[in-house]
Each structure stands twice: as structure tokens, then as C-alpha cells.
Amino acid sequence: MTSDIVWQPLRAELARRAEAKDNVCLWLRDDDAVMPAAALQTLVDLVGDFAVPIAVAAIPARSSPALARFLQNASHATPVVHGWRHDNHAPATQKKQELGDHRPLDAVLSDLSVSLIRMTELFGDRHVPMLVPPWNRISASILPHLRELGYRALSCHGTVRADAPVPVFNTHVDLIDWRASRRSRDHASLVRDVVLHIRRAAPAGEPVGILTHHLVNDAEAWTFLRGLFTVTRGFDCCRWLSVADLISGDKANSQN
């Protein structure tokens, strides 16, 4: 299947949206940043080429000052909070979780409080207090405390949105096939998913979230991202939102 044929369903969907004068909003999140790496440089260069803003979920306890210096020069990258240490506290019989009920609630909340302090130390006012739970899982017992801790948004993965006191902006399309190959999913299935979530989310004005992991991205994942940016750039109805855009609800300043 040629590249042009693979992307045709998305082009057709965006053309329909453009004709109907419907905006399509997307946003990009990358997880597990701790230090500068060649893959992170590739990502930052790519989003820079297309002026696409990205939320970089950094692990506070493991992030280095070198990462802060690196992102300081990446104007399209906004650091957000990826838990505390990205440690699993769940037993082997359960799905991995750092922000679960496996420890006393006070201990978890303390970690989340320290996470914000550490992010401010590293990134100053460049970071946005959006919480991205490791493995995209968070206990319902933690949610009521997010605002009082200082968080302004929550981002997990999937169409189910947590009942939280802060806005929730999930990602919907993960480039990696975690259960099988731990490599990029095939492009045709990724395009189908993007179109599916545009159809589901766009009528409600919900942005469609794309999820990457720079340390796992292979050549096919990078090729898909470049193709996605190329296709969406061709439609004025398509907007890539920054984290600040998401939280403020301001789509007028988003990127084409």
C-alpha cells in the first residue's frame, strides 16, 4: 500500500470538515523524558520543522538539569508532570501503577506535591502543571486532591475521562503496539484511528490527542509523525494545540 493511499482517509475526512467549516483540533504528548537523547532531539527537531507544539511529560525525580537546559531552547516543547519516579507499586498480578491505592494516600499526595516543586526547580515557569500519570493510570481516591495540590489539568489515555476537579485532556492514538511488537503500529491502522477519533471528538469540540514515546519510536513511528504533520498542514481547518491552549480553551492562537 503506497503512502498516498494510506493517508487518503484522513485527507478525505479533513476535506469534509473544511467544507463544513468545522475545525479539527489535535494535540501531541510525548512521555518518559528524563535527559537529552538523540531520539528527543529528533522529536524536537521534527515538531519545530512543522511548528507543532508538544507536551513533554518529564519524570520529575529522574529528570536532569541537562534536560531543562535542552528544553529551554525548544520553543515548541512544554514540560508537564509525569508522576514522580515512574515506579510501579502494584503487585505482579495487577497492571502497573504508581498513582494507585497500593500506598497510603498521604504518601502519594506528598509525591505529587514534591513533583511540582521539582518541576519548578528544573523548568521554572516554562512547565505547566498538567499531571500525566505513569502508565496512564490514577486512582479515583487521588483525583479530588489534584486542584488543591496545584495541578491545572490531567491527561490519561483513551476515551474514558476521569471525574476530576481539573480539566481532563486525554490522548487517543498511541503510535506504539505495546502488547505485541513494541514497535510502531502500521500506518493504515493509525490513520484509521485518527479519523475515528476526529469523528468522535470533533463534534463535541474535544481535541484528539496523539501519544508518542521518543525512546521507543522506531523509523516507522517517525515517518508516521512526519506524514501526519504534512497532511494536517494542508488544511486550514486543522489546529495543533499547545498545553496552554488546552487549559485556556483558546484555539485562536493554535498552530495550523
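Read-outs: derived from the displayed coordinates by stated rules, not from any lab. None of the values given here were measured: they were computed from a predicted structure. Note: ideal-geometry Cβ built from the backbone for every residue, glycine included; neighbour counts use all protein chains shown.
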| query | Among E148, E206, what is the fewest-to-most ranking by other Cβ atoms within 10 Å? | reply | E148, E206
| Cα convex hull of the stretch 44-159: mean projected area in nm², to one decimal? | 8.0
| field | Crossing angle, helix 105-123 versus the chain [Cα axis fit, 0-90 degrees, rounded to tens] | value | 60
| remark: Measuring from the longest principal axis of the C-alpha atoms of the chain, the long axis of helix 187-201 (C-alpha) lies at a number of degrees, nearest 10, equal to 80
| query | For the chain, modelled as a GNM with alpha-carbon contacts under 10 angstrom, which of D193, D32, D174 fluctuates the most? | reply | D193
| note | Rounded to the nearest 5, the percent of antiparallel DSSP beta bridges in the chain equals 10
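Before anything else, pin down the relative contact order of the chain: Cα pairs under 8 Å, at least 6 apart, normalised by residue count, whole percent. Please report the intermediate quantities before stating the final value.
Numbers: 461 pairs, mean separation 67.9, N = 256.
RCO, the chain: 27 percent.
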| field | Positive-pole candidate from H157, L228, H172, dipole of the stretch 145-235, charges at beta carbon | value | L228
| query | Using a ≥ b ≥ c from the Cα gyration tensor of the stretch 136-256 (square roots of the eigenvalues), is it rounded, prolate or oblate, where a/c under 1.5 gives rounded and otherwise the larger of a/b and b/c decides, a/b for prolate? | reply | oblate
| field | Estimated vicinal HN-Hα couplings, Hz - the stretch 68-73 in sequence order (Karplus 6.51, -1.76, 1.60; Gly, Pro = x) | value | 4, 5, 5, 6, 4, 9
| remark: Note on the stretch 3-248: alpha-carbon gyration tensor, axes a ≥ b ≥ c; rule is a/c under 1.5 for rounded, else prolate if a/b larger than b/c, else oblate; result prolate
| request: For the chain, give the magnitude of the charge dipole about the Cα centre (Cβ charges: +1 Lys/Arg, -1 Asp/Glu; no others), in debye to the nearest 20. | output: 240
| Normalised by the residues of the stretch 101-249, what does the relative contact order come to in percent, with Cα pairs under 8 Å and at least six apart? | 17
| So what are the ³J(HN,Hα) numbers for the stretch 142-154, from phi and the Karplus equation (6.51, -1.76, 1.60; θ = phi - 60°), rounded to whole Hz, Gly and Pro as x? | 8, 3, x, 9, 4, 5, 5, 6, x, 7, 10, 6, 10
| remark: In degrees, nearest 10, the alpha-carbon axis of helix 219-233 is tilted away from the dominant principal axis of the alpha carbons of the chain by 60
| remark: The set of residues whose placed amide H lies less than 5 Å from the amide H of T212, leaving out same-chain residues fewer than 5 positions away, is R29, D30, D31
| query | Which ³J(HN,Hα) values in Hz, rounded to whole numbers, follow from the phi angles of the stretch 39-53 under the Karplus curve 6.51 cos²θ - 1.76 cosθ + 1.60, where θ = phi - 60° and Gly and Pro get x? | reply | 5, 5, 4, 4, 5, 4, 5, 5, 5, x, 4, 9, 6, 9, x
| request: Post the alpha-carbon centroid distance, the stretch 43-87 to the stretch 211-248, in whole angstrom. | output: 15
| request: Please list, in chain and number order, the residues 5+ apart from A90 or on another chain whose amide H is under 5 Å from its amide H, with Hs placed from the backbone. | output: Q97
| message | If amide hydrogens are placed 1.01 Å from N in the peptide plane, which non-local residues have theirs closer than 5 Å to the one on T78? | response | I54, A55, V56
| query | Among S141, S184, which comes first, second and so on when ranked by fewest other beta-carbon atoms within 10 Å? | reply | S141, S184
